[in-house]
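The values are calculated or read from the model by the stated rules, or taken from the named source; none is laboratory data. Computed from a predicted model, the values in this text were never measured in an experiment. To get the accessible areas, we keep the full protein, side chains included, count just its heavy atoms, and leave off ligands, DNA and RNA. Shrake-Rupley method; radii C 1.70, N 1.55, O 1.52, S 1.80 Å.
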Amino acid sequence: MAPGGSIFKEVLESHLMSSDYETGKAKYESKTSSTVMKSCIGLNGNNGLSSKNGVYDLLECPVCKNLMYPPIHQCPNGHTLCSNCKIEVHNLCPTCHHDLENIRCLALEKVAESLELPCRYQSLGCHDIFPYYTKLKHEQNCRLRPFSCPYAGSECSVMGDIPSLVSHLKDDHKVDMHNGCTFNHRYVKANPHEVENATWMLTVFNSFGRHFCLHFEAFQLGTAPVYMAFLRFMGDDNDAKKFSYSLEVGANGRKLIWQGIPRSIRDSHRKVRDSQDGLIIPRNLAIYFSGGDGKELKLRITGRIWKED
């Protein structure tokens, strides 16, 4: 048994045997903090990270299997779960099916304060160690966390680093790949009036040794049918801001021009589209650019990517 193991066992038993949680809390807090630290973290001297047992197991939600953060809830029989899952299970304990009520597991929250854990992306190269309650916030912004597939128009759950996503887009989604910092693309649609069923098109460019996604699609902006083109950067936002791009579409002596900064693929395709951060072409103007007869959409969009000094 690890040093202080009997102390920790007593704490757990106080949860399981008493419906009066404050009694268990008082027993827990009567022990010295140094002894609790040893019993919670002293697993082979590695801050409790050598294996998933002991306290680390206790902090895993039995429903979603994620680590629990305050408020940690428990039923009168001592079974714990996270606040999100408390809602999902309709306030019934998933272990004993007792009403969960509103009991906080304050002792387990207190134990968690003493833990230090590595970033979940340690295998990807992040070797920092964080206090338990700041670990989650770090992971949400870790520069080494994987990226989601930027392909729109399907529910793709693939995640990975940029090279693996580029290969995935090419091999699995059959996306067109181009090299260079200028482009000239023609979009053709048989019936430009069918905007309700949104059309997505994606092209990937390799420029300045980085990859960019050019999106073109039709959707409803309020009640108005529009077409939209925008660029996303395959990387983090701080690197995306090092680049700018322009888009141009027109015909018959008229043109629309857009200039902006590509958005990182950390921002979802829908978020960028709904923020209208790109070249928006009203359908009547798109039809005019296509020849005016309304039978076929034929838009030619040119663009350029450049690096800011």
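Side notes on the structure shown:
- Area of Glu88 that stays accessible when all protein chains are in place (1.4 Å probe, Å², to 10): 130 Å²
- What segment 158-303 shows is 49 Å² of accessible area per residue, with the surface traced by a 1.4 Å probe over protein heavy atoms.
- Across segment 214-228, computed HN-Hα scalar couplings (Karplus, 6.51 cos²θ - 1.76 cosθ + 1.60, θ = phi - 60°) run 9, 9, 9, 7, 10, 7, 9, 9, x, 9, 9, x, 9, 10, 9 Hz from first to last residue, x flagging Gly and Pro.
- Cross-link table Lys110/Lys137; Lys135/Lys242; Lys174/Lys307; Lys170/Lys295; Lys255/Lys298; Lys65/Lys110, entries beyond 22 Å C-alpha to C-alpha: Lys135/Lys242; Lys174/Lys307; Lys170/Lys295
- Working from Cα pairs under 8 Å separated by at least six residues, relative contact order for segment 187-309 is 29 percent.
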